[in-house]
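Peer 1: One structure, pasted below without further comment.
Derivation of every value follows stated rules applied to the coordinates shown; laboratory data play no part. What you are looking at is a predicted structure, and each value in this text was computed from that prediction instead of being measured. With ideal geometry, Cβ positions are generated from the backbone for all residues, glycine too; neighbour counts draw on all protein chains shown.
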C-alpha cells in the first residue's frame with residue numbers, strides 16, 4: 001500500500017501524474033486507467049477555475065432547465081457537466097459516460113476511439129450552495145465495461161459498487177482537493193494553482209472508528225424512521241444520556257464537504273430513508289454519489305450502509321436509482337445498522 005507521512009508528502013512533492021505512473025508500475029492500474037484519471041483531474045481543474053470566478057464570469061444562478069430528477073439546474077451544473085464530457089470523450093479510454101445531469105448515457109462518438117471503461121459522475125455536488133459561496137464538489141466512479149457489449153446502454157452501468165475500479169471526489173473550497181482511491185487506500189491531492197499540478201498532501205487517510213460528530217439534515221426530523229430518531233436522540237442527550245458523551249452536529253448540505261470532514265477527523269453522515277416522500281427510497285443517487293463515496297469511506301477504514309444493507313453490495317436496477325446513505329466512522333455505522341435490525 002502507498003504509505004507516506006505528511007512530512008514525506010511535503011518533502012517529495014509527489015504530483016498526481018507521478019503517483020499514477022508509480023501505481024501503474026506496481027500493477028495497481030492499467031495505462032489506460034491512469035490516463036483516464038489524468039483527464040478527469042484536468043476537468044476538475046477547469047471546473048475549479050469556473051467555480052472560483054463565480055459572479056465575475058456570470059456563472060451563478062439558475063440555468064432555466066431541470067435535470068432528469070426534475071431538479072432545477074444551476075448554470076454551473078450545466079457547465080461542469082459539459083467540461084467533464086468534453087475532457088473525457090476523446091481520450092480513447094472510455095466506452096461511455098453517465099451523469100446525474102443527463103437522462104441517458106453518453107456513448108463515445110464514432111469519430112473517437114472507444115476504450116474499455118465506463119465513467120459516472122455528479123458534475124457539481126451541492127450546487128444549491130453555489131450562490132452563497134459554500135464548498136461544492138465533483139464525484140466520480142470508474143467501472144469496467146462488460147465484456148462483449150457493443151451497443152452500450154443503461155444496462156452496462158448497472159453494476160454493484162464492489163466492481164468499481166476507482167472513485168474520487170473534488171472539493172472546491174479554500175483549496176481545491178482531489179480525493180482518490182484505486183482500491184488500495186485513499187489519498188488527497190491539493191491543486192497548486194501556480195503550476196496547475198495536483199500534489200499529494202495526505203496519504204493513506206484513515207477514518208477514526210469512534211466519533212462525537214454526526215451530520216444530518218435536522219429539518220427532516222418529523223419524517224425520520226425510528227432507528228434514526230433513536231440514534232440522534234441518544235446523541236443529543238449527551239453525557240447524561242445512554243451514550244455518556246457529548247456530540248456535535250455538523251451539516252454543510254454539500255455531500256463532498258460533509259464527507260471530507262468525516263474522512264479528515266471522523267464522524268457519521270446520514271441521509272436516511274424517511275417518510276417524506278414514500279415514492280423515493282432515499283435522497284442520494286446510488287451510482288453517482290452513494291457507491292463512489294462508500295468505496296472511498298471503506299478504503300479509509302470506515303463503513304457505508306443503507307441501514308439495512310451494505311451500499312456497495314446493492315444490485316442496481318436503474319441508472320438514477322436513489323438509496324438511503326449512512327457512512328463514516330465504523331462503530332457508529334454499525335450501531336445504526338444494529339438499531340435498524342432491532
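Peer 1: Working out 0.36 nm times the residue gap between residue 308 and residue 193, then minus their Cα-Cα distance, what length gain in nm do you get to one decimal?
Peer 2: On the way: separation 115, 0.36 × 115 = 41.40 nm, distance 4.28 nm.
Contour length minus the Cα-Cα distance gives 37.1 nm.
Peer 1: Right, something else. Can you tell me how the stretch 225-297 classifies by the Cα gyration tensor, rounded, prolate or oblate, using a/c under 1.5 as the rounded cut?
Peer 2: Working: a/c = 2.59, a/b = 1.29, b/c = 2.00.
Oblate is the answer for the stretch 225-297, as a/c is 1.5 or above yet b/c matches or exceeds a/b.
Peer 1: Could you sort the peptides 124-136, 308-320 by per-residue average Cβ neighbour count (10 Å cutoff), highest mean leading? Kindly include the intermediate steps, with their values, before the conclusion.
Peer 2: Numbers: 124-136: 19.8, 308-320: 15.8.
In descending order of packing, they fall as 124-136, 308-320.
Peer 1: For the chain, state the semi-axes of the equivalent ellipsoid (square roots of 5 times the eigenvalues of the alpha-carbon gyration tensor), sorted largest first and rounded to whole angstrom. Each step should come with its number before you reach the end.
Peer 2: Details: eigenvalues 187, 109, 86 Å².
Sorted largest first and rounded, they come to 31, 23, 21 Å.
Peer 1: Can you give me the distance in nm between label points at residue 226 and residue 250, each placed 7 Å from the Cα along the Cα-to-Cβ direction?
Peer 2: Label at residue 226, label at residue 250, 3.2 nm between them.
Peer 1: Figure the gain on full extension for residue 279 and residue 13 (residue separation times 0.36 nm, minus the Cα-Cα span) and round it to one decimal in nm. Numbers along the way, then the final one.
Peer 2: Working: separation 266, 0.36 × 266 = 95.76 nm, distance 4.94 nm.
Length gained between residue 279 and residue 13: 90.8 nm.
Peer 1: Classify the stretch 6-202: rounded, prolate or oblate, from the alpha-carbon gyration tensor (a ≥ b ≥ c, eigenvalue square roots; a/c under 1.5 rounded; otherwise prolate if a/b is larger than b/c)? Don't skip to the answer; put the middle values down first.
Peer 2: Details: a/c = 1.87, a/b = 1.02, b/c = 1.83.
It is oblate, given that a/c is not under 1.5 and a/b is not larger than b/c.
Peer 1: How far is it, in nm, from the label point at residue 184 to the one at residue 133 when both lie 7 Å from their Cα along the line to the Cβ?
Peer 2: 4.2
Peer 1: Another question about this same structure. Relative to the present Cα-Cα distance, how much length would full extension add between residue 82 and residue 151 at 0.36 nm per residue of separation? List each step's numbers first, then the result.
Peer 2: Numbers: separation 69, 0.36 × 69 = 24.84 nm, distance 2.30 nm.
Gain on extension, residue 82 to residue 151, equals 22.5 nm.
Peer 1: Give me the distance in nm between label points sitting 7 Å out from Cα along the Cα-to-Cβ direction at residue 318 and residue 233, one decimal.
Peer 2: Each label point lies 7 Å from its Cα, and together they span 3.3 nm.
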